[in-house]
Amino acid sequence: MRVYVPLTIPGLAEAYKVGELGSGPLTAYAVTPALREWYVSDDIEELEYAALSRAAAASLRLLAGDPGTPRRRVVVAVDVSDGDAVADPDHGLGSASLGEVRIASAVPLKKAASVHVDSVEAEADVSAAAGALGAADHGDDDAQFIVDGAEDHELLWFGVQEIPGLIG
């Protein structure tokens, strides 16, 4: 099963240094039954993109909680056994947790398939979105427009071997 783990640049650097993602439990995003039902599609590529987008939104939340980190969303695509990624059935179709899964323990970085990171050109919009996230969560339409501006930026695809260049 392919899962998408939200990180930040410092989080990616730490994963590279220790050779694994997180210490567990780890929150990731995947094509879950709830995501399938919400997205109403049988196209696996569309569903995988939806899961990646959910992870990118979670990465934005990580950035909002850490103002000192570089303002680029990071998502690592990792292949795990189906039984390792467990969706919480109590979350159902709640939009905040669509596609969310838990992985009980750390995942070796060698299981990573790719890394997805914002371009440098996206930093200003991502920074603004991280700053507006709290207000958007409380229903501020103008703040939501700013958050949506970050979502307009596609994450760039990188091979795992390119991680050293990303973390600089």
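The values are calculated or read from the model by the stated rules, or taken from the named source; none is laboratory data. Not measured: the values here are computed from a predicted model. Glycine gets a Cβ as well: all are built from the backbone with ideal geometry, and neighbour counts include every protein chain shown.
Could you look through the stretch 25-48, keep only residues that are surrounded by fewer than 15 Cβ atoms within 10 Å (Cβ to Cβ) and among the hydrophobic types (A, V, I, L, M, F, W, C), and pick out the one that is modelled with the lowest pLDDT?
Top of the filtered list is 40.
When you go through 113, 128, 124, 136 one by one, which is the residue that is outside any helix (DSSP H, G or I), among the aliphatic types (A, V, I, L, M) and surrounded by fewer than 20 Cβ atoms within 10 Å (Cβ to Cβ)? Quick ask: steps written out before the conclusion?
Working: 128 fails: outside any helix (DSSP H, G or I); 124 fails: outside any helix (DSSP H, G or I); 136 fails: outside any helix (DSSP H, G or I).
It is 113.
Just to be sure I understand the filter: pairs with C-beta atoms under 8 Å, separated by 6 or more residues or on different chains, first member in the stretch 78-99 and within 13 Å of residue 32 (Cβ to Cβ) and crowded, with 19+ Cβ neighbours inside 10 Å, second member modelled with pLDDT under 85 and of a type in the set (Phe, Trp, Tyr). Which pairs pass?
98/38
Tell me, please, whether a residue that is closer than 15 Å to residue 72 by Cα, of a type in the set (Gly, Ala, Ser), loosely packed, with under 14 Cβ neighbours inside 10 Å and without any contact (Cβ under 8 Å) to a residue 12 or more places away in the chain can be found in the stretch 145-167.
Yes.
Taking residue 48 as the residue in question, decide whether it is more than 28 Å from residue 128 (Cα to Cα) and either among the charged types (D, E, K, R) or touching a strand residue (DSSP E or B) at 6+ places or on another chain (Cβ under 7 Å) (or both).
In short, no.
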